[in-house]
Amino acid sequence: RSFRPNEMLLLRRIVIVEYYVKVRRASVVRLRVSYAVPMQNDDFSTLFDLLPIGAYRSSPEGLQLRANPALVRLDGYDNEAELLAATHDLAAEWYVDPSRREQFKAELARHGRVVDFVSEVYRHKTRERIWVRVHAHVVRDAAGAVLYYEGTVQDITQEHQTRLALLASERRFRALTEKAQLLTLIYGDDLRLSYVSPAAFTLLGVEPVSKLDTPFLDWLHPDEVDEARAEIAHIKHFENSGAESVYRLRHADGSWRYFALLANNCLADPAVQGVVTTARDVTDAHLARQSLVESEARFRSLTEMSSDWYWEMNAELRFTRVEAGPRTKRIWGYDSAVGKKPGQLGPTNLSDADWAAHFATLRSHKPFYNFEIRRDLCDGQRRWHTISGEPVFDEAGTFFGYRGVGRDVTELKQAEETIRQMAFHDPLTGLANRRLLMDRLQQALTASERKHNFAALLFLDLDRFKPLNDSMGHDAGDEMLLQVARRLRGCVRAVDTVARVGGDEFVLLLQDLGDTEQHATEQTRKLGNKLLTALLAPYHLSRAQYQGGASIGAVVINDNAQSAEAWLKKADIAMYQAKSSGRNALRFFEPTA
């Protein structure tokens, strides 16, 4: 029957969706509609949501209007609402090259659709670069005005990164499939041709009639004639394997083409009286295999020289292949990984809960990226690596396993730790610096208010430190500071913080001192006196022995409304009060008149 325009729009969507599904499932696209009825909006929404690849609608201005769950996941979001709220300009936010959006729109403007529009884009939320293939068409209203663009998005990153040889191989395979013709030859017991099919002209550039009554072996490459003669002898005695054999056949232009030949002995058949041989041109496929073999060799060479590695896992989540260089194998011991599951490769920093979460991801057949593991090796080393993987499915959609890459990031982790150490710790003593102290003091104020607990600050200044520097030099001063740091650490608890905030100035942050100010004051006083005793003991320096002391100012934090800077200032004032009282003393903060 005839359909109204809006009904035809829905029917067109049915055909488009079926077309893309067929492309994913089979090499040859077959489109067959035996009966079609207009889809209701609810039906379309269900189909939209269930598509295994990304599907979308976007405005010509670059706004994302709809995104199905597959596209939401591809862009790194949890739900469609989050993605739509975060997307404002597809050209600037999605494409690595923003001009691709204009090219996309121009293509739509010219043809009303785009097919296989391949671009490098950002995974929108994480900004990771990926490659995608987009199919789209323009949806217009009854007056012909553009309503929106509609189409699908497929992540082809892995396909793109297998070097263009794989893409070229697929193009050659499609071309071969679409234009495939079988050359049929019949030759008698004397090996002379009695029949040559018309495909000879298309495949080899020769007129079939010109080859009649000529020796079949004349078509073959001289290097393969003896092999072919032996195989024909087996065929005549019905001893051939029944499998195809590949030979080179001469083209009219003088080149050699690879053909897969399959022969059937019909010499005894009076209607045939010959060996029937079908030949299909496999030149492109042969060269593609050769290219892939060379690519595999290059891949192996690269992995041999790299600290990265490639891995494959079967449907039981056991490693079936690990390609790594000698250094990686030596460090990680991946020679013995095949047959094992990820959690069986030795001690790691991951808990049972961490592994359970990771295996839940694997069993859900979802991709994962930069899964970070620290392994403790038998020689005492600790090595960090990240693993990324994606699920693999066969043509029927059955889960086949995983494949992915691993990378040693130990040096990166060590560099990060060095940077963190430099940012938050004193380079000489390794104690916390002022920045880390103030951060922990602010946290202590918050925790004290939440738990109704007291904290305290001790501001410490070394007595007679300047004369040591002036008389014995800065090296001796540094030696003394290192010994002071060790003594301070030895006097406090793990929950407390010791920081160096100046040349010879130190601050101790004491936490969890009880729920009464009196108890907190007693604890602080007790520790302060312990510090005075520890710091008054002689310092054994490389050039001499030296005895110093310290002036300590203390303040118990009893008002969470005041800032961290204000409390540190009070402890500083108390320290000067201790120094004014004769040094080597402890004084609690007392407001001045």
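The values are calculated or read from the model by the stated rules, or taken from the named source; none is laboratory data. In this text, all values refer to a predicted model and were calculated from it rather than measured experimentally. Using ideal geometry, Cβ is built from the backbone for each residue, glycine included, and neighbour counts are taken over all protein chains shown. In case anyone asks, the SASA skips ligands and DNA or RNA and just uses the protein heavy atoms, side chains included. Shrake-Rupley method; radii C 1.70, N 1.55, O 1.52, S 1.80 Å.
Residues are listed down the side, and each one gets a yes or a no for (1) surrounded by fewer than 20 Cβ atoms within 10 Å (Cβ to Cβ); (2) assigned to a strand (DSSP E or B); (3) β-branched (Val, Ile, Thr); (4) touching a strand residue (DSSP E or B) at 6+ places or on another chain (Cβ under 9 Å):
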site: Lys466; (1), (2), (3), (4): yes, no, no, no
site: Ala485; (1), (2), (3), (4): yes, no, no, yes
site: Leu488; (1), (2), (3), (4): no, no, no, yes
site: Asp512; (1), (2), (3), (4): yes, no, no, yes
site: Asp515; (1), (2), (3), (4): yes, no, no, no
site: Arg525; (1), (2), (3), (4): yes, no, no, yes
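Mind listing whichever residues of the stretch 231-263 are open to solvent by less than 70 Å² (accessible area, probe 1.4 Å) and within 17 Å of Gly274 (Cα to Cα)?
If the condition is that a residue be open to solvent by less than 70 Å² (accessible area, probe 1.4 Å) and within 17 Å of Gly274 (Cα to Cα), then Glu231, Ile232, Ala233, Ile235, Lys236, Asn240, Gly242, Leu261, Leu262, Ala263 are the ones that fit.
If the Cβ limit is 8 Å and pairs must be 6+ apart or interchain, which residue in the stretch 552-572 that is more than 20 Å from Gly514 (Cβ to Cβ) pairs with which residue that is open to solvent by 50 Å² or more (accessible area, probe 1.4 Å) and assigned to a strand (DSSP E or B)?
If the second residue must be open to solvent by 50 Å² or more (accessible area, probe 1.4 Å) and assigned to a strand (DSSP E or B), the pairs left are Ile552/Arg587; Gly553/Arg587.
For the stretch 106-121, indicate whether the set of residues that are free of Cβ contacts under 8 Å to residues at least 60 places away in the same chain, of a type in the set (Val, Ile, Thr), within 25 Å of Tyr369 (Cα to Cα) and open to solvent by less than 20 Å² (accessible area, probe 1.4 Å) is non-empty.
Yes, that holds for at least one residue.
Could you check, for the stretch 410-430, whether at least one of its residues is in contact with a His (Cβ under 8 Å, 6 or more places away or on another chain) and among the hydrophobic types (A, V, I, L, M, F, W, C)? Reasoning before the result, please.
Narrowing the stretch 410-430 to residues in contact with a His (Cβ under 8 Å, 6 or more places away or on another chain): 410.
Imposing the further condition that a residue be among the hydrophobic types (A, V, I, L, M, F, W, C) reduces the set to none.
Looking for residues that are in contact with a His (Cβ under 8 Å, 6 or more places away or on another chain) and among the hydrophobic types (A, V, I, L, M, F, W, C), one finds none in the stretch 410-430, hence no.
Are there any pairs, at least 6 apart or on different chains, whose C-beta atoms fall under 7 Å, with the first in the stretch 73-86 and in a loop (DSSP other than H, G, I, E, B) and the second open to solvent by 70 Å² or more (accessible area, probe 1.4 Å) and β-branched (Val, Ile, Thr), and if so, which?
Gly76/Thr126
How about the stretch 238-289: which strands (runs of 3 or more DSSP E) wholly inside it have at least 3 residues that are at pLDDT 85 or above, within 45 Å of the chain's Cα centre (by Cα) and not small (Gly, Ala, Ser)?
Here the list reads 245-250, 256-266.
What residue, of Arg403, Arg407, is assigned to a strand (DSSP E or B), open to solvent by 80 Å² or more (accessible area, probe 1.4 Å) and modelled with pLDDT of 90 or more?
Exactly one of Arg403, Arg407 is assigned to a strand (DSSP E or B), open to solvent by 80 Å² or more (accessible area, probe 1.4 Å) and modelled with pLDDT of 90 or more, namely Arg403.
Quick one: in the stretch 133-152, which of the residues that are touching a helix residue (DSSP H, G or I) at 6+ places or on another chain (Cβ under 8 Å) and without any contact (Cβ under 8 Å) to a residue 60 or more places away in the chain is surrounded by the fewest Cβ atoms within 10 Å (Cβ to Cβ)?
Checking each candidate, the answer is Val138.
Report yes if some residue within the stretch 552-574 is loosely packed, with under 15 Cβ neighbours inside 10 Å, farther than 18 Å from Ala444 by Cβ and either among the β-branched types (Val, Ile, Thr) or over 54 Å from the mean Cα position of the chain (by Cα) (or both); otherwise report no.
No, there is no match, as no residue in the stretch 552-574 is loosely packed, with under 15 Cβ neighbours inside 10 Å, farther than 18 Å from Ala444 by Cβ and either among the β-branched types (Val, Ile, Thr) or over 54 Å from the mean Cα position of the chain (by Cα) (or both).
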